[in-house]
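Novice: Take this structure, written in structure tokens, and hold onto it; I'll ask about it next.
What follows is calculated from the coordinates using simple rules that are stated; it is not laboratory data. Quantities reported herein were computed from a predicted structural model and do not represent experimental measurements. Virtual Cβ from ideal backbone geometry, glycine too; neighbours counted across all protein chains shown.
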Amino acid sequence: QVQLVQSGAEVKRPGASVKVSCKASGYTFNTYDVSWVRQAPGQGLQWLGWISTKNGNTKYAQNVQGRVTMTTDTSTSTAYMELRSLTSDDTAVYYCARDVNYVWLDPWGQGTLVTVSS
Amino acid sequence: QSVLTQPPSMSAAPGQKVTISCSGSSSNIGNNYVSWYQHLPGTAPKLFIYENYKRPSDIPDRFSGSKSGPSATLGITGLQTGDEADYYCAAWDNNLSAWVFGGGTKLTVL
């Protein structure tokens, strides 16, 4: 079945970086793009950005622009999201999702909890 | 502050019907498809409605979607306790070139 499996929870110090992986299976990886979304405690869903699995083009949300880098490894059908200069405001569950032509997101990965704490 | 506007919470009794609204603008809902996601704590969000009203094959027909202009609604009939969850609407925004979400509606079935 089509699924996205993400890497495990991370605890980081303020100012550090985190890199979350998202491995796809059950479909041809480079036929759909990948979006990244996060949910901070008590908050709603926030889109972080998108990467084309065909050519690596990216589009990042304004609030993380300059701190985020999204990449893919087509040889392993894996997408990555790296976020730098972490602050406590970046504490959240991070999700990857298969992006179907900007029309819907399905499926989603199981989520990766990133905790930023000193 | 979310770009799409949803009521923060709704409640209804088992067996009843509920309609969750999602209000946007011409740059998102008005000119693009709406999708709806169910989110249970500790789990991945799940697609419930896509292209405004279509249901994935595993979603029961108790769930329905509609869109009119810059607004959309999710309808749930025959409410069950298992329907308790947060529901989010989403659409692509042409001005922002970004996915935008509603703030989520916490549905309680009491």
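Novice: Output the pairs from B:Lys67/B:Lys106; A:Lys59/B:Lys46; A:Lys59/B:Lys67; A:Lys19/B:Lys54 with a Cα-Cα distance over 32 Å in this structure; if there are none, say none. Can you show the working numbers first?
Specialist: Numbers: B:Lys67/B:Lys106 21 Å; A:Lys59/B:Lys46 23 Å; A:Lys59/B:Lys67 27 Å; A:Lys19/B:Lys54 35 Å.
Result: A:Lys19/B:Lys54 exceed 32 Å.
Novice: Might you report the magnitude of the Cβ-based charge dipole of the protein assembly as shown about its Cα centre, with Lys and Arg at +1 and Asp and Glu at -1, to the nearest 20 debye?
Specialist: Values: 17 positive and 15 negative charges, 34 e Å.
The dipole magnitude comes to about 160 debye.
Novice: State, to one decimal in nm, how far the label point of B:Arg62 lies from the label point of A:Gln43, with both points 7 Å from Cα in the Cβ direction.
Specialist: Calculated label separation equals 3.3 nm.
Novice: Next question, about the same structure. Suppose R0 equals 35 Å. What FRET efficiency, 1/(1 + (r/R0)^6) with r the Cβ-Cβ distance, do B:Lys106 and A:Thr71 give to the nearest 0.05? Present the calculation step by step, with values, prior to reporting the outcome.
Specialist: Working: r = 35 Å, r/R0 = 1.00.
The value I calculate is 0.50.
Novice: Here is a further query. Which listed residue (A:Gln62, B:Leu4, B:Ser68) has the Cα farthest towards the positive end of the charge dipole for the protein assembly as shown, taking +1 on Lys and Arg C-beta and -1 on Asp and Glu C-beta about the Cα centre?
Specialist: Result: A:Gln62, furthest along the dipole toward the positive end.
Novice: Separation between the A:Ser52 and B:Glu84 pseudo-spin-labels, each 7 Å from Cα along Cα→Cβ, expressed in nm?
Specialist: Each label point lies 7 Å from its Cα, and together they span 4.6 nm.
Novice: Pop out the ³J(HN,Hα) list for the range A:19-24 in order, Karplus 6.51 cos²θ - 1.76 cosθ + 1.60 with θ = phi - 60°, rounded to Hz; leave Gly and Pro as x.
Specialist: 10, 9, 10, 8, 9, 9
Novice: Between A:Tyr27 and A:Ser7, what FRET efficiency follows from the Cβ-Cβ distance if R0 is 22 Å, with the result rounded to 0.05? Could the numbers behind the result be given before it?
Specialist: Values: r = 20 Å, r/R0 = 0.90.
Once the sixth-power term is evaluated, E becomes 0.65.
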